[in-house]
Structure formats: C-alpha cells, structure tokens
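For reference, the structure discussed in these notes is given below.
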Amino acid sequence: MSYVVNAGTGAVATTTTLTGSPNPAFPIILRATVTPPTAVGTVEFTDGTTALGAPVPVFGGTAALFTPTLTPGTHSLTATFTPTDPTTFTPSSSAPMPVVVTAQSLQITTLLHNLLQSLLAGLHL
C-alpha cells in the first residue's frame, strides 16, 4: 500500500488577452488581462519580437502600457504573462493583435498634436 501526502495540484493555468485603443496612429494604451486575476507576475508587450518597454507588473489581473505612436506598416502586438512563481501559475501569451498604421493616420496625429500644443501654449500653464 502507498500513500501520497500533501500532493500539490500543480501550477494553475493562466490565460492572457490583449486589447488596445482602436486608433493605432495615436499613442495607445495596451491592456493585458490575465486570468485568474489572482495571478502574480509581469506582462511583456511586444511588436513581433521587439519589446515595447520593460515588463509591467500585473495588478488584479491587469497590466497596461502606454505606447508611443507606431510607425507606418503592419504590426503584430502580443502580451506575454510571466509568473513570479512558475510552480503556482503557468505562463501564457495572448493571441497576436494585428494593427495597421497608414501614413495618412500619422499625418492626422501630427496635425492634432500640433494643434494641442498651440492650445496649451495659449493657456500659459
């Protein structure tokens, strides 16, 4: 006869989803949602294989990153969760989020940025 004492159930599986603001020409906020929300760790946001910044801590199942304007072209954005303790939670990655930025959308962004700067300069803050 054999007994198993204090057998762990293994690491809890996680899932990561990625959302972003609808206009990729403006600086956007990328938001990763990690489930379960008790998962502890960081999320790295990438464009293809290029990191978009340092890994961001997950709080209450959410990590967010404010990104600069993306360059014209096609981008594939992903969020990857890395647990602080891989024996407690498993790593996970979002599905790639395709984003297409056109030169025209960047021209509108530049125009709006210049207009905003002019308005703020007039306020004498």
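Would you call residue 62 modelled with pLDDT of 95 or more, surrounded by fewer than 17 Cβ atoms within 10 Å (Cβ to Cβ), in contact with a strand residue (DSSP E or B) (Cβ under 8 Å, 6 or more places away or on another chain) and of a type outside the set (Asp, Glu)? For residue 62, the condition - modelled with pLDDT of 95 or more, surrounded by fewer than 17 Cβ atoms within 10 Å (Cβ to Cβ), in contact with a strand residue (DSSP E or B) (Cβ under 8 Å, 6 or more places away or on another chain) and of a type outside the set (Asp, Glu) - is met.
Selection over the stretch 59-106 of residues that are of a type in the set (A, V, I, L, M, F, W, C) and within 13 Å of residue 30 (Cα to Cα) gives a count of 9. Of all residues in the stretch 65-74, those being outside any strand (DSSP E or B), surrounded by 11 or more Cβ atoms within 10 Å (Cβ to Cβ) and either without any contact (Cβ under 8 Å) to a residue 24 or more places away in the chain or not β-branched (Val, Ile, Thr) (or both) number 2. Each residue in the stretch 76-99 was checked for being assigned to a strand (DSSP E or B), of a type outside the set (S, T, N, Q) and surrounded by 13 or more Cβ atoms within 10 Å (Cβ to Cβ), and 7 pass. Candidates in the stretch 1-59 are the residues that are hydroxyl-bearing (Ser, Thr, Tyr) and in a loop (DSSP other than H, G, I, E, B); of these, the one that is modelled with the lowest pLDDT is 2.
The values are calculated or read from the model by the stated rules, or taken from the named source; none is laboratory data. None of these values were measured; they are calculated from a predicted model. All Cβ positions, glycine included, derive from the backbone under ideal geometry; neighbour counts span all protein chains shown.
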